[in-house]
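Notes follow the structure.
The values are calculated or read from the model by the stated rules, or taken from the named source; none is laboratory data. These figures come from a predicted structure and were not determined experimentally. No Cβ is skipped: glycine too gets one built from the backbone with ideal geometry, and neighbour counts run over all protein chains shown.
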Amino acid sequence: MKQLTKTDFISYQEYLGGCPNNVWIKWHKLEEYKKFPKSEFEQSLGVTGTEVEEIARLMFPDGYLVKGRGDGAQGLTKKLIAEHHQVIFQAVFSTDKYLAATDVLKWNTEADAYDLYEIKMSSTTKQEESENEDDEEDENGKPKKVNKKKELQYEYDLTFQVNVLEMCNVHIHKKYLIQLNKKYKRSGDLDVRLGQLFTDEDKTESVEKRMVEVKEKMEEAFAYLSKTTMPVGHCSCYYKGRKAHCTTFSISNPGLPDYTVHDLNRIGLSKKYLRDLLNEGILEIGKVPEDDRLKPKKVKEGEKSGKPRKLNQVRVYKSKKEIMDLDAIKAELNSLTFPLYFLDYETYPSAIPLFDVYHPYQNIVFQYSLHVLTEDDAKKGREPKHYECLLLDGDPAEKIVESLRKNIGDTGSIISWFKKFENSRNKELADMVPGQFEFLHGVIKRTYDLMDIVENQYYVHRGFKGSSSIKKVQDVLAPQYSYKKLIDVQNGTDAIEAYRQILKGELSGKALEEKKEHMLKYCKYDTAVMYEIWKFFYDLVNASKPQK
């Protein structure tokens, strides 16, 4: 009989972003499930988690690592537990229904019981700076509230393990959560003591409060997943926005169009509205009624009013005509000063800080692309000049900044797409390279976000599908730069994985050189696309009708 693991248990929980049907398909239709393989980047997250756990184990000397999950590992675990072995890594516990492996068990002599430590590759900062261009604010422009799902997930994770251990007659005294400490800055060798690279949180009280609740949910999940017939009807993700859909959504919800109400702008923040539409039988964008539900919610006096993004999205789809505010676009472009510098960074958010001064998950800026357009170039229709830098050996901060300083003059607007990301990196670089503090903060002040024209609804096209993502906009305004034409490195996560592979020495010879070439081409695409989008709007406001 198949056993329920904590991974499948968490993946089953709808309110934690999981999907019961998705896990059922994994259990009973594995070949179908495997048709949706993880990307190299997703696979690398598992590798990173293992690396973090291995370093965290250094806090627990003389630990014994149990390898595997089978009968041998379970038997060895029982032996070590009976001997009260001081520290056990990956101890394995099994019942007829459940299987659990614990990251760390440490014998507590005073309590005459083990303490449990769960190691997570996340950082301790609960409210991280959002750098997702689609999720920065809610519909009314307010900062999103802290999402407590992750905290609840960790408590369920721990409680699942404790329940299984109790079923195996192993009592746990204290229950701890270990995470990376984002306040830690590397200086020389990694300092793996608690309070330095890692921090722990006592979750004993929270876990004990959830024991009965989680045990009931474990029974429910096991019963559901043990059914031999596939659940009837849509999976729970049917009532979620597109980005929250499960891996096997197309299996549980066959025959749906590619573009549905699941794609309405920020519909994930309007769950009731989405459910109402679907329950009314409205699936296609073109059938969405233009009623008050499409409009932004009314705000209190003094608060920022939301943009009618959903309403505009539906209107341009139905009319097949763009919405454009030429005066607003012209004002945006007139605020820019030549020469124009189209700038894009590629970064690597390393969980374990690789170089001095870096903290966990701080982005390493290892590459940039820069297209430079003078006013004379613009008037005469000449292409911008291109500059680039890719650094793959050691801490790239100083050399990246040195190269930027050489290619970016003291005047002119710097153009990015979702400038919050680039400017956050510039602030970090300014702290790491104090000799260029004024230059980098000058860059921050001069940076203009080209995404604003789309995000502020000055130009809305049905082909954007309600998104302000550069790739959605590129599909319409710069189709000659299709990212799908690129080999190997087609997006930011591919670039991250490419850097990781090179950093870890996984590539050499021809494969290494080809990977570098692909990384350079991808980054160059980003700034070339920004230029083409700017040129489209420049031609538009100058009464030159662009060809699309």
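Please give the number of the condition ASP96 fails out of (1) surrounded by fewer than 16 Cβ atoms within 10 Å (Cβ to Cβ); (2) assigned to a helix (DSSP H, G or I).
Every condition holds for ASP96 apart from (2).
Would you check which residues across segment 318-328 are farther than 30 Å from GLU284 by Cβ and surrounded by 13 or more Cβ atoms within 10 Å (Cβ to Cβ) and list them? Full working, then the answer.
Looking only at segment 318-328, we keep the residues that are farther than 30 Å from GLU284 by Cβ, and these are 326-328.
Of everything in segment 318-328, those that are farther than 30 Å from GLU284 by Cβ and surrounded by 13 or more Cβ atoms within 10 Å (Cβ to Cβ) turn out to be LEU326, ALA328.
Would segment 304-312 turn up any residue that is part of a loop (DSSP other than H, G, I, E, B), within 30 Å of ALA430 (Cβ to Cβ), at pLDDT below 95 and not assigned by TED's automatic domain parsing to the domain that holds LEU404?
There is at least one residue in segment 304-312 that is part of a loop (DSSP other than H, G, I, E, B), within 30 Å of ALA430 (Cβ to Cβ), at pLDDT below 95 and not assigned by TED's automatic domain parsing to the domain that holds LEU404.
Quick one: would you say PHE439 is buried (at least 20 other Cβ atoms within 10 Å of the Cβ), in the same structural domain as HIS386 (by TED's automatic domain parsing) and either modelled with pLDDT of 95 or more or farther than 23 Å from ASP327 by Cα (or both)?
Numbers: buried (at least 20 other Cβ atoms within 10 Å of the Cβ): no; in the same structural domain as HIS386 (by TED's automatic domain parsing): yes; either modelled with pLDDT of 95 or more or farther than 23 Å from ASP327 by Cα (or both): yes.
Here the answer is no, as PHE439 does not meet what is asked.
How many of the residues in segment 194-250 are at negative phi and part of a loop (DSSP other than H, G, I, E, B)? Don't jump to the end; show me each part of the working.
Restricting attention to segment 194-250, the residues satisfying the condition of being at negative phi are 194, 196-232, 234-250.
In the following step, the residues that additionally are part of a loop (DSSP other than H, G, I, E, B) were identified as 196-197, 203, 226-232, 234-235, 240-241, 245-248.
Counting residues in segment 194-250 that are at negative phi and part of a loop (DSSP other than H, G, I, E, B) gives 18.
Looking for something touching an Asp or Glu at 6+ places or on another chain (Cβ under 6 Å) and among the small types (Gly, Ala, Ser) - is there at least one such residue anywhere in segment 228-236? Walk me through how you get there before you give the answer.
Initial filter on segment 228-236 (touching an Asp or Glu at 6+ places or on another chain (Cβ under 6 Å)): 236.
Narrowing further to those that are among the small types (Gly, Ala, Ser): 236.
Yes, segment 228-236 contains at least one residue that is touching an Asp or Glu at 6+ places or on another chain (Cβ under 6 Å) and among the small types (Gly, Ala, Ser).
Please find, within segment 326-352, the residue that is farthest from VAL365 (Cα to Cα) out of those that are in a helix (DSSP H, G or I) and out of contact with any helix residue (DSSP H, G or I) (no Cβ under 7 Å at 6 or more places or on another chain). First the steps, then the outcome.
To start, the set of residues in segment 326-352 that are in a helix (DSSP H, G or I) comprises 326-334.
Then drop every residue that is not out of contact with any helix residue (DSSP H, G or I) (no Cβ under 7 Å at 6 or more places or on another chain), which leaves 327-328, 331, 334.
On the way: ASP327: 37, ALA328: 34, ALA331: 32, ASN334: 31 Å.
Here the answer is ASP327.
Being assigned to a loop (DSSP other than H, G, I, E, B) and in contact (Cβ under 8 Å) with a residue 60 or more places away in the chain, is that true of even one residue in segment 391-400?
Taking segment 391-400 first, the residues assigned to a loop (DSSP other than H, G, I, E, B) are 391-396.
Retained after the next criterion (residues that are in contact (Cβ under 8 Å) with a residue 60 or more places away in the chain): 392.
Checked against the condition, which is being assigned to a loop (DSSP other than H, G, I, E, B) and in contact (Cβ under 8 Å) with a residue 60 or more places away in the chain, segment 391-400 yields at least one hit.
Going through segment 344-387 one residue at a time, which ones are small (Gly, Ala, Ser) and touching a residue at least 24 places away in the same chain (Cβ under 8 Å)? I'd like the intermediate steps shown before the answer.
To start, the set of residues in segment 344-387 that are small (Gly, Ala, Ser) comprises 350-351, 369, 378, 381.
Selection gives ALA351, SER369, ALA378.
Of the residues that sit in segment 408-426 and are out of contact with any Leu (no Cβ under 8 Å at 6 or more places or on another chain) and part of a loop (DSSP other than H, G, I, E, B), which one is nearest to ARG186 (Cα to Cα)?
From segment 408-426, those out of contact with any Leu (no Cβ under 8 Å at 6 or more places or on another chain) are 409-411, 418-421, 423-425; that's our starting set.
Imposing the further condition that a residue be part of a loop (DSSP other than H, G, I, E, B) reduces the set to 409-411, 418.
On the way: GLY409: 33, ASP410: 33, THR411: 35, PHE418: 29 Å.
Going through the qualifying residues, I end up with PHE418.
Return the total of residues in segment 304-327 being within 16 Å of LEU540 (Cβ to Cβ) and of a type in the set (Lys, Arg).
Qualifying residue count for the region: 1.
Return the pair list, or none, for Cβ contacts closer than 7 Å from residues in segment 49-77 that are farther than 17 Å from GLN196 by Cα to residues that are among the hydroxyl-bearing types (Ser, Thr, Tyr) and surrounded by 12 or more Cβ atoms within 10 Å (Cβ to Cβ), at least 6 apart or on different chains.
Going by the 7 Å Cβ cut-off, the qualifying pairs are VAL66/THR77; GLN74/SER94.
Note down all Cβ pairs under 9 Å where the first residue falls in segment 154-181 and is over 17 Å from THR95 (Cβ atoms), the second is part of a loop (DSSP other than H, G, I, E, B) and among the small types (Gly, Ala, Ser), and they're at least six residues apart or on different chains.
From segment 154-181, the pairs are HIS173/ALA111; LYS174/ALA111; LEU180/ALA351; ASN181/GLY195.
Please go through segment 158-184 and give me each residue that is out of contact with any Asp or Glu (no Cβ under 8 Å at 6 or more places or on another chain) and assigned to a loop (DSSP other than H, G, I, E, B), ordered by number.
Listed by number, the residues that qualify are CYS168, ASN169, VAL170, HIS171, ASN181, LYS182, LYS183.
State which residue is nearest to the chain's Cα centre (by Cα) when the search covers only segment 409-426 and only residues that are surrounded by 22 or more Cβ atoms within 10 Å (Cβ to Cβ) and among the hydrophobic types (A, V, I, L, M, F, W, C).
TRP417
Tell me whether segment 512-529 contains one or more residues that are closer than 24 Å to PRO349 by Cβ and aromatic (Phe, Trp, Tyr). I'd like the intermediate steps shown before the answer.
Looking only at segment 512-529, we keep the residues that are closer than 24 Å to PRO349 by Cβ, and these are 512, 515-527, 529.
Remaining after also requiring aromatic (Phe, Trp, Tyr): 522, 525.
The answer is yes; a qualifying residue exists.
Report yes if some residue within segment 303-325 is within 30 Å of SER369 (Cβ to Cβ), touching a helix residue (DSSP H, G or I) at 6+ places or on another chain (Cβ under 8 Å) and not charged (D, E, K, R); otherwise report no.
Yes: segment 303-325 contains one or more residues that are within 30 Å of SER369 (Cβ to Cβ), touching a helix residue (DSSP H, G or I) at 6+ places or on another chain (Cβ under 8 Å) and not charged (D, E, K, R).
Residues in segment 492-521 that are farther than 15 Å from LEU392 by Cα, surrounded by 15 or more Cβ atoms within 10 Å (Cβ to Cβ) and without any contact (Cβ under 8 Å) to a residue 60 or more places away in the chain: how many?
Total satisfying the criteria: 1.
Give me the helices (runs of 4 or more DSSP H) completely within segment 1-82, filtered to those with at least 3 residues that are surrounded by 15 or more Cβ atoms within 10 Å (Cβ to Cβ) and under 30 Å from the mean Cα position of the chain (by Cα), ordered by residue number. Walk me through how you get there before you give the answer.
Values: elements: 6-12, 20-28, 30-33, 40-56, 71-82.
By residue number, 6-12, 20-28, 40-56.
Yes or no: segment 263-280 includes at least one residue that is assigned to a helix (DSSP H, G or I), in contact with a helix residue (DSSP H, G or I) (Cβ under 7 Å, 6 or more places away or on another chain), surrounded by fewer than 14 Cβ atoms within 10 Å (Cβ to Cβ) and modelled with pLDDT of 95 or more.
Yes, that holds for at least one residue.
Say we look at segment 284-303 and pick out the residues that are surrounded by 15 or more Cβ atoms within 10 Å (Cβ to Cβ) and part of a loop (DSSP other than H, G, I, E, B); which of these is modelled with the highest pLDDT?
Here the answer is VAL288.
Identify, by number, the condition in (1) within 16 Å of VAL454 (Cα to Cα); (2) outside any loop (DSSP other than H, G, I, E, B) that LYS318 doesn't meet.
It fails just one condition, (1).
Outside the structural domain of MET121 (by TED's automatic domain parsing), surrounded by 19 or more Cβ atoms within 10 Å (Cβ to Cβ) and at pLDDT 95 or above: is that true of VAL357 in this structure? Reasoning before the result, please.
On the way: outside the structural domain of MET121 (by TED's automatic domain parsing): yes; surrounded by 19 or more Cβ atoms within 10 Å (Cβ to Cβ): no; at pLDDT 95 or above: yes.
Spelling it out, it is not the case that VAL357 is outside the structural domain of MET121 (by TED's automatic domain parsing), surrounded by 19 or more Cβ atoms within 10 Å (Cβ to Cβ) and at pLDDT 95 or above.
Can you confirm whether LYS217 is within 25 Å of the chain's Cα centre (by Cα) and in contact (Cβ under 8 Å) with a residue 60 or more places away in the chain?
Criteria not met by LYS217.
Condition test on GLU383, is it modelled with pLDDT of 95 or more and either part of a loop (DSSP other than H, G, I, E, B) or more than 25 Å from VAL460 (Cα to Cα) (or both)? Steps first, answer last, please.
Numbers: modelled with pLDDT of 95 or more: yes; either part of a loop (DSSP other than H, G, I, E, B) or more than 25 Å from VAL460 (Cα to Cα) (or both): yes.
Yes; evaluated as a whole, the condition is true for this residue.
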